[in-house]
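Only one structure is covered here, and it is reproduced in the block below.
Since every read-out is calculated from the coordinates, none of them should be taken as a lab result. The structure displayed is predicted, hence computed values, not measured ones. Backbone-built Cβ (ideal geometry, glycine too); neighbour counts: all protein chains shown.
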Amino acid sequence: MFKKLLLIALLLPITVFAAKKECKVKPSYDITISNESVRVFNNKNDLTIMPNGNVIFNKQSVTLNPPLQKKLVLFQQDLRQQLPLLEQQSLNFLAEVKENFEKAIKNHLNNDNTLKIELNKLYKRLVRLLHASLITENGNTRFSYQNFNNLKKDGEDIGQRVFYNVVGGSILHLDFFKNLGGIKQISKNEWKAQKSKLKAFDAHICSVITSIDEQYEQILTQLNQTIHN
């Protein structure tokens, strides 16, 4: 049950970074956003979009028809809005679940200081993990697709390391056995309380990423058609 407690704390990364039912869409490109432009790129394609919809595609300026240029304007506006918002929503969600577990530790485990310290460590590491995939600094946003696609695995790895630290210390001090009943109660109650929120937030992340990917793939197709016509 002690492991289950920390794995439930891992609902932070498992859900905020793609939960049990993984999103079918996995991005294959990085995105950088500044006041001057939005860039979407990988080792195959490099697309820079200006706020007015003008583009540089694979190091070449492309003359666009009005409908495609309007689509590019809307796409870069959507990225400017959705990615920083998704980052903030994820941070808020991490903080909310952390706060709920802190309350549970206080109510059921006599405010166990070791658990609080380790939970705080887990929270900070997960924030760093999130920021490795999506971060806004000084008005610039960066999205790293490889880090994003590995968030679940990397989050679980962090949680397991924290778990072994806590279990090792607790068994040494016999707190594991003393707190087993309280841990069981936290596991049961917090899973019930968070399950629907976790599922809904996972679906929200998937919908945002899917929308971005669909727009990008359509734009790539139309850009290639424009170039080769």
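Couple of notes before you dig in:
- Selection within the stretch 42-97: residues that are part of a helix (DSSP H, G or I) and among the basic types (Lys, Arg). The member of this set that is surrounded by the fewest Cβ atoms within 10 Å (Cβ to Cβ) is 70.
- Candidates 120, 100, 35 - the one that is closer than 19 Å to residue 141 by Cα and over 16 Å from the mean Cα position of the chain (by Cα): 35
- Residues in the stretch 98-109 that are part of a loop (DSSP other than H, G, I, E, B) and loosely packed, with under 12 Cβ neighbours inside 10 Å: 0 in all.
- Scope the stretch 199-229; condition of a type in the set (D, E, K, R) and either touching a helix residue (DSSP H, G or I) at 6+ places or on another chain (Cβ under 7 Å) or closer than 16 Å to residue 25 by Cβ (or both); matching residues: 202, 213, 214, 217
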